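Have a look at the structure below, then the notes.
The values are calculated or read from the model by the stated rules, or taken from the named source; none is laboratory data. In this text, all values refer to a predicted model and were calculated from it rather than measured experimentally. Cβ placement follows ideal geometry from the backbone for every residue including glycine, while neighbour counts extend to all protein chains displayed. In case anyone asks, the SASA skips ligands and DNA or RNA and just uses the protein heavy atoms, side chains included. Shrake-Rupley method; radii C 1.70, N 1.55, O 1.52, S 1.80 Å.
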Amino acid sequence: MRKLKILHAADLHLDSPFEGLSAGKAAIRRKEQRELLARLADLAVTEQVDLVLLAGDLLDSSNTYYETGEELIRALRGIPAPVFISPGNHDWYSAKSPYARLRLPENVHVFTEQTIRSVVLPELRTRVYGAAFTEPSCHSLLEGFRCEKVEGMYNILCLHGDALVKDSKYNPVTEQQLEHSKLDYAALGHIHKASGLLRAGSTWYSWPGCPEGRGFDETGEKTVSIVTLTGTDCELRTVSIAKRRYETVKIDVTGTDPLLAIHTQLPDDTVGDVYRIVLTGEIDSPPDLRRLYENLSDMFFELQLRDETRLRKSVWDNAGEDTLRGLFLGRLRERFESAHSEEERIRIEQAARWGLAALDNAEEVVQHEDQ
């Protein structure tokens, strides 16, 4: 069989609200998301792919900005290959969805039914199967499915579904269903962490994860996949088209100046990324997060600082004094000394830290927004 090269992407979630960012930076991030479309189209051209599969949640909701629709049309038109879209639980298909309203290019096919359908591409000797969410949840669409085997023809699936999660309400896809399907490759979406190339029986399958992080639950490098089928063999290569990444870094500041510790342990190039720096370790007094932010913020697109340090036992030195601080610490020290576990003692120390910060009119966590 001839080689078949596929660009497989999913879960772009265009027009995400980016609630963790200020309004100004959220708008910048939404604009940058639209630019992902152009980079996706450029990659399709550069890689000379035969097929593009977008396995759902291309959009974050049915409420898309005008600019997003225009950029979507422009990017898809620039792809010199058939494009298949399988709407997911965020961008589910209806008569009012963007997929129905927009005049998409002729090379684009959107699956519109909550039933597996197929399109034959004779020039590629390929049959592409797919389906759509038509509401925010979906039963298992692959249950009992088996593709039609034709000598010399690839059978490919583009589908949004919760892989390997049997009882999910988001179209659960099981290994047994994939093995029974006899597909050559199943391009899945929904899970935001990439799977790598997997196999169930004779069926290769994967999900690429999201191509760019949108929050601290999507940290690290994010990619799309270039999949190459050659008969019964399959190869998957990841490509990053992301502009920014989210990272969470824990910095131990025990026995050192927090600013020095951060500078020592951070990687060199952080200026384009969104970072959450979590301070850990034992200290004598709460770190000055505002001072740290003022010294560090220019090194990032956005910075969050979080204090999870533990105060040394000397924090109780003022306990028992005839002051508000002394009375507060005295009550907490009694609970600390009678605690039954280390976990409980940690919680009490954190309560002391937060209370002292409140008494000093300081902030325990700083998350700055544009002025």
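Summary table below
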| quantity | calculated |
| --- | --- |
| Extreme residue, most open to solvent (accessible area, probe 1.4 Å), among residues of segment 305-324 that are among the aliphatic types (A, V, I, L, M) and part of a helix (DSSP H, G or I) | Leu324 |
| Subset of segment 13-45 (residues that are in contact with an Asp or Glu (Cβ under 7 Å, 6 or more places away or on another chain), in a loop (DSSP other than H, G, I, E, B) and without any contact (Cβ under 8 Å) to a residue 60 or more places away in the chain) | Asp15 |
| Total residues in segment 46-60, condition open to solvent by 40 Å² or more (accessible area, probe 1.4 Å) and assigned to a helix (DSSP H, G or I) | 1 |
| Check on Lys243, closer than 29 Å to Leu12 by Cβ, at pLDDT below 95 and open to solvent by 10 Å² or more (accessible area, probe 1.4 Å) | yes |
| Lone qualifier among Leu327, Leu236, Leu292 - being open to solvent by 20 Å² or more (accessible area, probe 1.4 Å) and part of a helix (DSSP H, G or I) | Leu327 |
| Residue tally, condition of a type outside the set (Lys, Arg) and either open to solvent by 20 Å² or more (accessible area, probe 1.4 Å) or modelled with pLDDT of 95 or more (or both), over segment 22-35 | 5 |
| Flag if Ser285 is in contact with a Ser or Thr (Cβ under 7 Å, 6 or more places away or on another chain), in a loop (DSSP other than H, G, I, E, B) and of a type in the set (Ser, Thr, Tyr) | no |
| Enumeration of residues in segment 285-330 that are of a type outside the set (A, V, I, L, M, F, W, C) and over 30 Å from Asp268 (Cα atoms) | Arg312, Lys313, Ser314, Asp317, Asn318, Gly320, Glu321, Asp322, Thr323, Arg325, Gly326, Gly330 |
| Segment 338-362 residues that are free of Cβ contacts under 8 Å to residues at least 40 places away in the same chain and on the phi < 0 side of the Ramachandran plot, paired with ones that are outside any helix (DSSP H, G or I) and surrounded by 11 or more Cβ atoms within 10 Å (Cβ to Cβ) (beta carbon under 6 Å, 6 or more apart) | Arg345/Ala339; Glu349/Arg310; Glu349/Leu311; Trp354/Glu364 |
| In segment 303-342, the residues that are out of contact with any helix residue (DSSP H, G or I) (no Cβ under 6 Å at 6 or more places or on another chain) and of a type in the set (S, T, N, Q) | Gln304, Thr309, Ser314, Thr323, Ser338, Ser341 |
| Residue among Leu229, Leu236 that alone is farther than 30 Å from Ala26 by Cβ and in contact (Cβ under 8 Å) with a residue 60 or more places away in the chain | Leu229 |
| Residue within segment 61-84 that is open to solvent by less than 20 Å² (accessible area, probe 1.4 Å) and closer than 24 Å to Pro172 by Cβ present | yes |
| Scan of segment 190-226 for residues that are over 24 Å from Cys138 (Cα atoms), small (Gly, Ala, Ser) and either open to solvent by less than 40 Å² (accessible area, probe 1.4 Å) or free of Cβ contacts under 8 Å to residues at least 12 places away in the same chain (or both), ordered by number | Gly196, Gly213, Gly215, Gly220, Ser225 |
